[in-house]
Amino acid sequence: MEDRPRIAVTMGDPAGIGPEIIIKTFQDQSVYDVSRPFVIGDAKFLSDVALRLESDLPINSISSIQEASYTPDSIDVLDLKNAPGDITLGQPSHLGGKASVEFIRTAVDLALSHQVDAITTAPVNKESIHLAGFNWPGHTEMLGELT
């Protein structure tokens, strides 16, 4: 049995700093020494961010966590395909808010069904979440209600 915990990392608001933080974090191979991380997000969007950052770390789109390799030579992304390319970086939008909530809901579902040991969330934009029609003040309240 694998000792390293399986960690679901949500991508955060696609228009925010979350995707960049994820790319830079996953470039540190020591992350894999202590965990089996994967991202819940949009693989194409994250791949575009990696290209912009000149990262040579491939984005591995997966449809289930059983497909994840958990190796430092790529970033496994449970691909929700929900971050359209017309999201404007740095701008709050209902699209970014909806996507970030879907990332977190998926992570919570995986945690509650014991498919992951923990979740961590990249930053969300509260204004985007509100534009998407959700009233949570932030992550804490969202996670409280979902669990």
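The values are calculated or read from the model by the stated rules, or taken from the named source; none is laboratory data. The structure presented is a predicted model; accordingly, all values stated were derived computationally and were not measured. Because the Cβ atoms are built from the backbone with ideal geometry, glycine has one as well, and the counts that use them run over all protein chains shown. Note: accessible area is taken over every heavy atom of the protein model, side chains too, but ligands, DNA and RNA are not part of it. Shrake-Rupley method; radii C 1.70, N 1.55, O 1.52, S 1.80 Å.
So that you can scan it fast, the table gives a plain yes or no per residue for (1) open to solvent by 40 Å² or more (accessible area, probe 1.4 Å); (2) under 12 Å from the mean Cα position of the chain (by Cα):
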| residue | (1), (2) |
| --- | --- |
| Arg6 | yes, no |
| Thr10 | no, yes |
| Ile21 | yes, yes |
| Ala50 | no, no |
| Phe103 | no, yes |
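Filtered by the rule that a residue be more than 12 Å from the chain's Cα centre (by Cα) and either modelled with pLDDT under 95 or not charged (D, E, K, R) (or both), region 34-46 gives Val34, Ser35. Residues that are loosely packed, with under 15 Cβ neighbours inside 10 Å and out of contact with any Ser or Thr (no Cβ under 6 Å at 6 or more places or on another chain) occur in region 33-47; there is at least one. Cβ-Cβ distances below 8 Å connect the following pairs, each with a first residue in region 44-70 that is within 19 Å of Leu80 (Cβ to Cβ) and assigned to a loop (DSSP other than H, G, I, E, B), a second residue that is open to solvent by 20 Å² or more (accessible area, probe 1.4 Å) and among the acidic types (Asp, Glu), and a separation of six or more residues or different chains: Pro58/Asp73; Ser63/Asp79. Being touching a helix residue (DSSP H, G or I) at 6+ places or on another chain (Cβ under 7 Å) and open to solvent by less than 50 Å² (accessible area, probe 1.4 Å) is the filter here, so list the residues in region 72-83 that pass it. Pro72, Ile75, Val77, Leu78, Asp79, Asn82, Ala83 - these are the residues of region 72-83 that are touching a helix residue (DSSP H, G or I) at 6+ places or on another chain (Cβ under 7 Å) and open to solvent by less than 50 Å² (accessible area, probe 1.4 Å).
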